[in-house]
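Any read-out appearing in this document is the output of simple, stated calculations on the displayed coordinates, not a laboratory observation. Every value quoted in this text rests on a predicted model; they were computed, and no experiment measured them. Cβ placement follows ideal geometry from the backbone for every residue including glycine, while neighbour counts extend to all protein chains displayed.
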Amino acid sequence: MDPRLDALSTDPSNQIFGVLFFPDRIYHQAYLNATRSPRYRYNVTDVRSYYEVMCLKGSVFLDGAFYANFVRIEYRGSRLTEAMRVRNRFLRSRCAAWLKLTDKSGRSAQTDDDHPLTLHYDAWVNAFQAEIWDRLEQPDNARHDASVLALMGRDNEITRITQFLPLLNDVTSIAKAELAFREESRQYAFGNLIQKDDLAWDNDFGRTHQQPVRPDVPSADENTVHDMNYLLDFQRGWFKQASDVTPVLYRNAMMLGQNGVYTNPDASSNNIIQMRWLFQRELGGSMIFFHEVTIPPGKVEGNHQHVGSEELYYIVQGNGIAYLRVGDDPTLGDQYNTVQREVFGLGQQDFKELPVKAGSIIYTKSGGMHGIRNLPDSPVDLKFVAFLYHSA
């Protein structure tokens, strides 16, 4: 971190904003592989993270001189641990990763299916990790330190992968890293080969995103893109107009009952709402999406439960009725009506009817239930922005 920010954040007049300059531990060089020897120094030019995944890129210096460019992957592994446990297997000291890198021109390269990137558990960072360097050869008129040389080579903690060399040649141009993680092909202790279709994967739980491939067709399958991986985007800033983002239409959103039967009394063939997906995979941390939802007069987004995620609605236009399950907000008293509403896939539940307008906030934690509707006689659309993120 730039030391000027450290001085600024500790100034008494600015301490309330100290979180803006919180120093990521990845910039502390003692945690990277080659820092086992003081002869190596890293210049980390950028870092991106999403949930348990982190990607760093930059350069390595040896004895004060530039030596190589690198990309480093770190992965905490809790999701893969769960996926393996249901198969009665355990994540040990290594796992594998599928990796695709794309530069600013759109040129890309990825690991081969038969030769994934091997990640090794590192107690220093409490994560599985590997570094891809664009060279491992002995530098001119010098030798690698033995402690670092021991980490180098195929499938080791510092490795070289041929197909990534053109991209690593200009590491600053790498724009995106896509990743999915799996267990190793051979079972620990016994060495048994695990069948390919039985390998446990963490692909961000089959991550998808929405885009307007067929924007005029409500709930069209083509509008859902199956990514099946994590995306770490190295772009540093965005400027958008929401009105420039084409909305995706949905029929009876969150109201489809069991076996394809529409059980919600509000469900009808013309209950169509629209969502502008402003940011999805670009987001870091545990964010899943930030979008703008428009509900026409008389239309509704069905009541549903969040499990393992949290969501915040901020109303920006119109008047309507939001629903929170009775007890989810214990401060809601008798001044709000209690009604029964159908919950997506879960039957009838008791809810509080809450009048909302511009500036109203509905915040739902994991396990909570909510829904929202526009009034039939409303002169304008009900519009809100929503943030969804993993709660773990």
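Here the range 297-320 is the region considered, the condition is being crowded, with 19+ Cβ neighbours inside 10 Å and more than 23 Å from the chain's Cα centre (by Cα), and the residue that is farthest from residue 350 (Cα to Cα) is 318.
Considering only the range 143-161, I want to know if a residue exists there that is under 20 Å from residue 201 (Cα atoms) and in a loop (DSSP other than H, G, I, E, B). Taking every residue of the range 143-161 in turn, at least one turns out to be under 20 Å from residue 201 (Cα atoms) and in a loop (DSSP other than H, G, I, E, B). Does the range 218-231 contain at least one residue that is under 30 Å from residue 89 (Cβ atoms) and in contact with a helix residue (DSSP H, G or I) (Cβ under 7 Å, 6 or more places away or on another chain)? Taking every residue of the range 218-231 in turn, none turns out to be under 30 Å from residue 89 (Cβ atoms) and in contact with a helix residue (DSSP H, G or I) (Cβ under 7 Å, 6 or more places away or on another chain). Figure legend. Inter-residue proximity from the range 142-169: first residues touching a residue at least 24 places away in the same chain (Cβ under 8 Å), second residues aromatic (Phe, Trp, Tyr), beta-carbon distance below 7 Å, spacing 6+ or different chains. Indicated pairs: 148/40; 158/133; 160/133.
Of the residues making up the range 298-312, just one is under 15 Å from residue 273 (Cβ atoms) and among the aliphatic types (A, V, I, L, M), namely 300. Taking the range 126-157 as the search range and keeping residues that are within 26 Å of the chain's Cα centre (by Cα) and surrounded by 18 or more Cβ atoms within 10 Å (Cβ to Cβ), which one is farthest from residue 183 (Cα to Cα)? Taking the candidates together, the pick is 133. In summary, strands (runs of 3 or more DSSP E) completely within the range 37-89 and bearing 1 or more residues that are crowded, with 21+ Cβ neighbours inside 10 Å and of a type in the set (Lys, Arg) occur at 53-62, 65-75. Name the residue that is surrounded by the most Cβ atoms within 10 Å (Cβ to Cβ), counting only residues in the range 217-228 that are touching a strand residue (DSSP E or B) at 6+ places or on another chain (Cβ under 7 Å) and not β-branched (Val, Ile, Thr). Only one residue fits best here, namely 223.
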